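What follows is a short report on a single structure.
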Amino acid sequence: MNKRTYTISELAQEFGITTRTIRFYEDEGLLAPLRDGQRRIYSPRDRTLLKLILRGKRLGFSLAESRILFDMYDPANGSRQQLESYLQMLDEKNNSLEQQLRDIKSMQQDLEDARVRCLDALKNTFSPNPCGDSA
């Protein structure tokens, strides 16, 4: 069993975040390091939770969604419920991204259509010789 502990500075450096960010996650109740006076002592579990928080953030999970997953985690009784919930959340996130992608593609098409209409209007309104006369 890994008994190594970590300081807030070590974790911040390892994950490329600020110590303020880590303290924010503590304030949100996602991390609970031990204390030695004013010094925070992070366990391997805290490090893993921080890693999962940051990974969830990259995947688009809110802190509330991450908290739900953490609260379900029960290694003594297996983590089937957590994995099933995680799969459901991943599917929902994927569906949301797919919808956003469809919306973006539709918006791109609308913008391109508007662009073509503007170009046509410019060509028809501001042609060099709108009357067709030869000068």
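For the chain, calculate the relative contact order in percent as a whole number, restricting contacts to Cα pairs under 8 Å that are 6 or more residues apart. Show your work: numbers first, answer last.
On the way: 63 pairs, mean separation 20.8, N = 135.
With pairs under 8 Å counted, the relative contact order is 15 percent.
Run the simple label-point estimate for Ala32 and Arg80 please: 7 Å along Cα→C-beta, distance reported in nm.
2.7 nm
For the chain, report the translational diffusion coefficient in µm²/s to the nearest whole number, using Stokes-Einstein at 10 °C, 1.306 mPa s, and a Kirkwood Rh over Cα pairs.
Estimated diffusion coefficient is 82 µm²/s.
Can you tell me the 0 to 90 degree angle between the C-alpha axis of helix 80-125 and the longest principal axis of the chain, rounded to 10?
Between helix and principal axis, roughly 20 degrees.
Per 10 Å bin, what percent of the C-alpha pairs of the range 73-126 does each bin hold, from zero upward?
21, 22, 17, 14, 12, 8, 5, 1
Rounded if a/c is under 1.5, else prolate if a/b is larger than b/c, else oblate: which is the range 26-102, with a ≥ b ≥ c the root eigenvalues of its Cα gyration tensor? Present the calculation step by step, with values, prior to reporting the outcome.
Numbers: a/c = 3.35, a/b = 1.76, b/c = 1.91.
Oblate shape, in that a/c is at least 1.5 and b/c is the bigger or equal ratio.
Efficiency by 1/(1 + (r/R0)^6): what FRET value for Gln13 and Arg67, r their Cβ-Cβ distance, R0 = 25 Å, to the nearest 0.05?
Numbers: r = 25 Å, r/R0 = 1.00.
About 0.50, to the nearest 0.05.
Note down the relative contact order for the range 1-60 as a percent, whole number, built from C-alpha pairs under 8 angstrom at least six residues apart. Present the calculation step by step, with values, prior to reporting the outcome.
Values: 46 pairs, mean separation 23.5, N = 60.
This gives 39 percent for the range 1-60.
Calculate, in nm to one decimal, what Asn95 and Asp120 gain on full extension: separation in residues at 0.36 nm each, minus their alpha carbon distance.
Details: separation 25, 0.36 × 25 = 9.00 nm, distance 3.75 nm.
Taking Asn95 through Asp120 to full extension adds about 5.2 nm, to one decimal.
Note the angle between two axes, namely the Cα long axis of helix 44-59 and the longest principal axis of the Cα atoms of the chain, as a number of degrees from 0 to 90, rounded to the nearest 10.
It works out to around 10 degrees.
What share of Cα pairs, in percent, lie more than 16 angstrom apart in the range 1-60? Kindly include the intermediate steps, with their values, before the conclusion.
Working: 670 of 1770 pairs.
In whole percent, the share of Cα-Cα pairs in the range 1-60 beyond 16 Å is 38.
No value in this document is a laboratory result; all are computed from the given coordinates. Here the structure is a predicted model, which means the values were calculated and not measured. Because the Cβ atoms are built from the backbone with ideal geometry, glycine has one as well, and the counts that use them run over all protein chains shown.
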